[in-house]
Amino acid sequence: QVPLVESGGGLVQAGGSLRLSCLASGSIVRFNVMGWYRQAPGNLRELVAEFSSGGSTNYADSVKGRFTISRDNPKNTIYLQMDSLKPEDTAVYYCRALALVPFTNYWGQGTQVTVSS
């Protein structure tokens with residue numbers, strides 16, 4: 001098991017910033033995909049930002065230019081810097097780590113982000 005523990009969520013006013021962290025209990029370099037997803041009440045879980053296989057980064061259109069994903073491999077941690085937050089960013093944010101060989105797919109427990117208008 002490589003538990004993922006998210007932190008950094010909270011309540012912020014619109015226009016504010018938060019930085020989420022996802023700490024893995026083991027090395028993250030073996031994962032083909034690591035990223036952030038979110039789920040708002042009544043909605044499906046959706047991609048926010050990820051490091052995909054091949055080293056590229058992908059962002060949801062709704063967060064481009066406002067959110068930045070980064071990683072610190074020696075610290076086994078990825079981050080999500082969220083700026084210019086909007087009420088529609090309110091959701092539970094989950095960290096995900098996916099390895100293809102052998103196939104393993106881990107999710108963190110989630111951290112709540114609430115943006116007030």
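The values are calculated or read from the model by the stated rules, or taken from the named source; none is laboratory data. In this text, all values refer to a predicted model and were calculated from it rather than measured experimentally. Here Cβ is always computed from backbone atoms with ideal geometry, including for glycine, and neighbour counts include all displayed protein chains. Remember, those area values only see protein heavy atoms, side chains included, never the ligands or the DNA or RNA. Shrake-Rupley method; radii C 1.70, N 1.55, O 1.52, S 1.80 Å.
Just give me the residues in the stretch 41-50 being surrounded by 14 or more Cβ atoms within 10 Å (Cβ to Cβ) and either hydrophobic (A, V, I, L, M, F, W, C) or not in a loop (DSSP other than H, G, I, E, B) (or both), in sequence order.
Answer for the stretch 41-50, where residues must be surrounded by 14 or more Cβ atoms within 10 Å (Cβ to Cβ) and either hydrophobic (A, V, I, L, M, F, W, C) or not in a loop (DSSP other than H, G, I, E, B) (or both): 47, 48, 49, 50.
Considering each of 66, 71 in turn, give the residue that is over 14 Å from residue 17 (Cα atoms), of a type in the set (Lys, Arg) and at pLDDT 95 or above.
Sole residue among the options that is over 14 Å from residue 17 (Cα atoms), of a type in the set (Lys, Arg) and at pLDDT 95 or above: 71.
What about residue 85, is it within 16 Å of residue 8 (Cα to Cα), not β-branched (Val, Ile, Thr) and not in a strand (DSSP E or B)?
Yes; evaluated as a whole, the condition is true for this residue.
Test residue 53 against the stated conditions and say whether it is open to solvent by 30 Å² or more (accessible area, probe 1.4 Å) and part of a strand (DSSP E or B).
It is false that residue 53 is open to solvent by 30 Å² or more (accessible area, probe 1.4 Å) and part of a strand (DSSP E or B).
Which of (1) outside any loop (DSSP other than H, G, I, E, B); (2) in contact (Cβ under 8 Å) with a residue 40 or more places away in the chain; (3) open to solvent by 30 Å² or more (accessible area, probe 1.4 Å) is the odd one out, the single condition residue 68 does not satisfy?
All conditions pass for residue 68, except number (2).
State the number of residues belonging to the stretch 87-117 that are modelled with pLDDT of 95 or more, over 16 Å from the mean Cα position of the chain (by Cα) and surrounded by 15 or more Cβ atoms within 10 Å (Cβ to Cβ).
Adding up the residues that qualify gives 1.
Any idea how many residues of the stretch 1-22 are part of a loop (DSSP other than H, G, I, E, B) and farther than 14 Å from residue 69 by Cβ?
8
Can you tell me which of (1) over 26 Å from residue 103 (Cα atoms); (2) assigned to a strand (DSSP E or B); (3) open to solvent by 30 Å² or more (accessible area, probe 1.4 Å) is the one residue 58 doesn't meet?
Failing condition for residue 58: (1).
Quick check on my filter: what residues within the stretch 19-39 are open to solvent by 30 Å² or more (accessible area, probe 1.4 Å) and either among the polar types (S, T, N, Q) or farther than 14 Å from residue 78 by Cα (or both)?
25, 27, 32, 39
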